[in-house]
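Here the structure is laid out as structure tokens; the discussion comes afterwards.
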Amino acid sequence: TFDVEAMNIFTLHETDKLTLGGNVRSVIFKYRNGEPSADETFIGTDQKLFGSFIQNEWRPIQEFIFTAGFRFDLQSVNAKLPDGSQEPMRLNYSPRASAVFLPHPDHSFRIGGGLAFRNPAFMETDLRMAIVPKGAKALRVYAPQPGATIITQPLSAVGIDFNGNQKLDNEKIL
């Protein structure tokens, strides 16, 4: 996993600031394909997130601050859907705005609104895990690559089957 972020603030005027920024994040999930062996092969999948934003802060007088911004995010998961097609990229946007009133140096009132989201994690969308009962051979975790399996030890007295949902959409917050 790696994450890189960059941001810069530009002073357009003594009452106006513009902030620009972005980030790149990559999560790589590697796993053993099948039972342990001398010639172990590891396969995997990865998730890439790209984001950028712009925000403007305007302070026309000392007692008022107005802020407006927009964020754009793109999520790419290198995974195959059950029909063999590539999982689609997810595109998100998050506009927001706020106003702050500062009637006294020790007091402020803020009103704001916007949209936000949370991308589903790889574990929520692309992983299938079957926990087998104690005494059974092993825990099997199936990843999106056809025929790929992760083998570990049994963890539970009962069998449980978890399935990721590749059609799971982003959580949206207003």
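The values are calculated or read from the model by the stated rules, or taken from the named source; none is laboratory data. Here the structure is a predicted model, which is why all the values come from computation and not from measurement. With ideal geometry, Cβ positions are generated from the backbone for all residues, glycine too; neighbour counts draw on all protein chains shown. These area figures cover heavy atoms from the full protein model, side chains too; ligands, DNA and RNA do not enter into them. Shrake-Rupley method; radii C 1.70, N 1.55, O 1.52, S 1.80 Å.
Taken as a whole, the condition of being out of contact with any strand residue (DSSP E or B) (no Cβ under 7 Å at 6 or more places or on another chain) and either among the basic types (Lys, Arg) or modelled with pLDDT of 70 or more (or both) applies to Glu14.
So, Ile61, is that one modelled with pLDDT of 75 or more, open to solvent by 40 Å² or more (accessible area, probe 1.4 Å) and within 30 Å of Asp106 (Cα to Cα) or not? Yes.
When you scan segment 102-117, how many residues do you find that are assigned to a strand (DSSP E or B) and open to solvent by 80 Å² or more (accessible area, probe 1.4 Å)? Of the residues in that region, 5 qualify.
When the residues of segment 32-49 are filtered to those that are touching a Ser or Thr at 6+ places or on another chain (Cβ under 8 Å) and assigned to a strand (DSSP E or B), the one that is modelled with the highest pLDDT is Leu49. Checked across segment 70-93, the condition of being part of a strand (DSSP E or B), of a type in the set (A, V, I, L, M) and modelled with pLDDT of 95 or more holds for no residue.
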